[in-house]
Amino acid sequence: MIKVVLLGANGSMGKLVGRLAIDDPEIDLVGAFDVNEIGRECAAIVGSSSPCGIVIQHPDELDSFLQNVAPDVAVDFTIAEAAEKNCIKLADKGIKSVVGTTGLSEQFLKEFESKIVQNKAPAVISSNMATGVNIFFKIAPLLASYLEDWDIEIIEAHHHRKRDSPSGTALTIAKVIADALGVKLEDVAKFGRDKGPNKREVGAKKEIGVHAIRGGDIVGDHTILFAGPGERIEFKHQAHSRECLANGAITAIKFLNKVDREDAKIYTTQEVLGLID
Ligand SMILES: NC(=O)c1ccc[n+]([C@@H]2O[C@H](COP(=O)([O-])OP(=O)(O)OC[C@H]3O[C@@H](n4cnc5c(N)ncnc54)[C@H](O)[C@@H]3O)[C@@H](O)[C@H]2O)c1
């Protein structure tokens, strides 16, 4: 059994991952943390019919928990500020981690990567763990390579509770397209368009637009608009529910459990799914 600790157990993603973990015969949920619902039975929070005997703990208890229990893998779906602190603690203790939280800073990613290698604690970091999105990440650069003279605009839509914008997924799409075109994303990205004179640079090598829409309970839509003279292509992914994302986290837990500690690095969902050539 893979011993798993869940961070962000009361969140939309944490609840789903928690239920799948409790119901999975290969996984033993050994700890659950959140800043809310402290002391409540985790199974009751996540909607599992099998009580797991694990209660939600406050993150202040994480250090002592890690000293007493040695989880194999931690899963973090919290907020960036919390994930950055928690993940450094986990790497310091040599615990493998699946990090779904988005909006992580470059500075954190550098520090985390060096700790992971130093402490032989491989991790999966992924802005989007859905299978379809990761196939989308593979195909988008191919389309862009044929259409680099066209204008490329990335449009994402999410629920109104989402904290970061644009989404981590939209940033990954923009990055893989920029890489395919041989340009630096920071040189060509145009995040939103303000009111006023705002003429677009023509062609994706000069400008890639990235636009965020927030509303209601939209789980996550990502569209790449390739607009050329007299025609356009729209390449779109829509998540109908968070199940595809939570299932991706469970697959990542099982993948990491098998990764040799000597091969410690940050893995992507593409690697988890075997989509790398
Ligand atoms: N990688 C993916 O596939 C994927 C999919 C969906 C969401 N996300 C990202 O995952 C994160 C969580 O998304 P969500 O929709 O579940 O958000 P949410 O707001 O529903 O849940 C976040 C949870 O984290 C808890 N939390 C806050 N600080 C904490 C701390 N210090 N320790 C432990 N728990 C803490 C909150 O109380 C809340 O229950 C976001 O960054 C989101 O963008 C990633």
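The values are calculated or read from the model by the stated rules, or taken from the named source; none is laboratory data. Values in this document were obtained by computation on a predicted structure and should not be read as measured data. Note that each Cβ is placed from the backbone with ideal geometry, even for glycine, and that neighbours are counted across all protein chains shown.
Of note:
- Residue check, Ile38 under 21 Å from Thr101 (Cα atoms), aliphatic (A, V, I, L, M), within 10 Å of the ligand (Cβ to nearest atom) and touching a strand residue (DSSP E or B) at 6+ places or on another chain (Cβ under 7 Å): no
- The set of residues in the stretch 99-111 that are in contact (Cβ under 8 Å) with a residue 12 or more places away in the chain and either within 11 Å of the ligand (Cβ to nearest atom) or farther than 20 Å from Ile253 by Cα (or both) comprises Val99, Gly100, Thr101, Thr102, Gly103, Leu104, Ser105, Phe108, Glu111.
- For the stretch 21-49, a tally of residues being touching a helix residue (DSSP H, G or I) at 6+ places or on another chain (Cβ under 6 Å) and surrounded by fewer than 19 Cβ atoms within 10 Å (Cβ to Cβ) returns 2.
- Wholly within the stretch 161-277, strands (runs of 3 or more DSSP E) carrying at least 2 residues that are more than 15 Å from the ligand (Cβ to nearest atom) and in contact with a helix residue (DSSP H, G or I) (Cβ under 9 Å, 6 or more places away or on another chain): 208-214, 221-228, 231-238
- Scanning the stretch 159-174 for residues that are under 16 Å from Ile224 (Cβ atoms) and either surrounded by fewer than 17 Cβ atoms within 10 Å (Cβ to Cβ) or out of contact with any Leu (no Cβ under 6 Å at 6 or more places or on another chain) (or both) turns up Pro166, Ser167, Gly168, Thr169, Ala170, Leu171, Thr172, Ile173.
- Set side by side, the residues Ala212, Ala178 differ, and just one is touching a Pro at 6+ places or on another chain (Cβ under 6 Å) and not assigned by TED's automatic domain parsing to the domain that holds Ile95, which is Ala212.
- Residue within the stretch 90-98 that is within 11 Å of the ligand (Cβ to nearest atom) and on the phi < 0 side of the Ramachandran plot present: yes
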